[in-house]
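Read the structure below first, then the notes.
The values are calculated or read from the model by the stated rules, or taken from the named source; none is laboratory data. Because the structure is predicted, anything quoted here is derived from the model rather than measured. Quick reminder, even Gly has a Cβ in these numbers, built from the backbone with ideal geometry, and neighbours come from all protein chains shown.
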Amino acid sequence: MNEPGVQSLVDQETMASRVEAGEVPHWVTRHFETFTDALLGERNDTAFPCHFGTQSVQEGNPLYTAVPSTTDPDALLRFRETLLEYLDRHPDAPGQTSLVTFFKPPEETWTEADYHEALWHLLQFLHVHDPEPWPEEIPTDPDDPHWEFSFGGEPMFPTCRAPFYDDRRSRYCPVGLEITFQPRVLFDGITHDTEAGRRAREQIQGRLEEYDGVCPHADLGDWGVEGDREWVQYLFREDPEQSPDECPIEVTREHPKASPPRTAPSTGDD
């Protein structure tokens, strides 16, 4: 599990230099290159739909980490610490500083159902090992329009890309599971109930249809809007038979849920 260049929190400049120098595993290199190519490139003569994400990458704002497993407890405990470190750093970071997380691809070919299972296993693990209580202002029922995954006291929007998308290329990653964690505070001023937010939504959805070549996903919505649900937007379903009908996470306000985790082994890469 102790691969060089894995499990540490790094800025974009550091990640780029490590990739160029060959100091990270090949799967990390492929993740970083395909991520930046997608965010900075074009498809169907259209730029990547989320101009906030594009601008962030252009300015070198995101922080990055790579996780060698979606199931190994030591790897997930170490990621827990990395996510906490990110939450501690992002308020003082410039611009739209999200956390881009690359996961090592499986040796075998995964189905869409496997990716849904991996995502919700990870989020459930983080919830159980959360050092902070669930935020009072966030409901625990994922069927509430104001529900949102939260960790470390921070509501956040984890956006996934994965290999199983054929047409929806804005969500396509050829390598494996990729999750971008965006705290809710990054959306201040551009929510659905603001003029800036409405303009941004119209622009993004217009680009989305041109970029993907298909209509925006039926589950695409806005947080807090009656009828819209947050959890289905994390990893858009393609095949209804391989995707969950109900949110697969169990959220409670009971705290703590687990004993303080033992310190995950250091990679010596900080």
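Among residues of the range 82-93 that are touching a residue at least 40 places away in the same chain (Cβ under 8 Å), those with a beta-carbon under 9 Å from a residue that is part of a helix (DSSP H, G or I) and surrounded by 14 or more Cβ atoms within 10 Å (Cβ to Cβ) at least six positions away or on a different chain give the pairs Leu83/Leu126; His90/Leu186. Among the residues of the range 140-164, those that are under 16 Å from Ala118 (Cα atoms) and not small (Gly, Ala, Ser) comprise Phe149, Pro158, Thr159, Cys160, Arg161, Pro163, Phe164. Just one of the numbered conditions (1) touching a residue at least 40 places away in the same chain (Cβ under 8 Å); (2) more than 29 Å from Leu208 (Cα to Cα); (3) touching a strand residue (DSSP E or B) at 6+ places or on another chain (Cβ under 9 Å) is not true of Gly60: (2).
Out of Val185, Val251, one residue alone is modelled with pLDDT of 80 or more, of a type in the set (A, V, I, L, M) and surrounded by fewer than 14 Cβ atoms within 10 Å (Cβ to Cβ). It is Val185.
Residues are listed down the side, and each one gets a yes or a no for (1) assigned to a strand (DSSP E or B); (2) of a type in the set (D, E, K, R); (3) at pLDDT below 95:
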position	(1), (2), (3)
Thr180	yes, no, no
Thr191	no, no, yes
Arg198	no, yes, yes
Asp219	no, yes, yes
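A Cβ distance below 7 Å, combined with a sequence gap of six or more or placement on separate chains, defines the contacts here; from the range 126-145, residues that are more than 21 Å from Gln233 (Cα to Cα) and modelled with pLDDT of 95 or more reach residues that are of a type outside the set (A, V, I, L, M, F, W, C) and outside any loop (DSSP other than H, G, I, E, B) in the pairs His129/Arg80.
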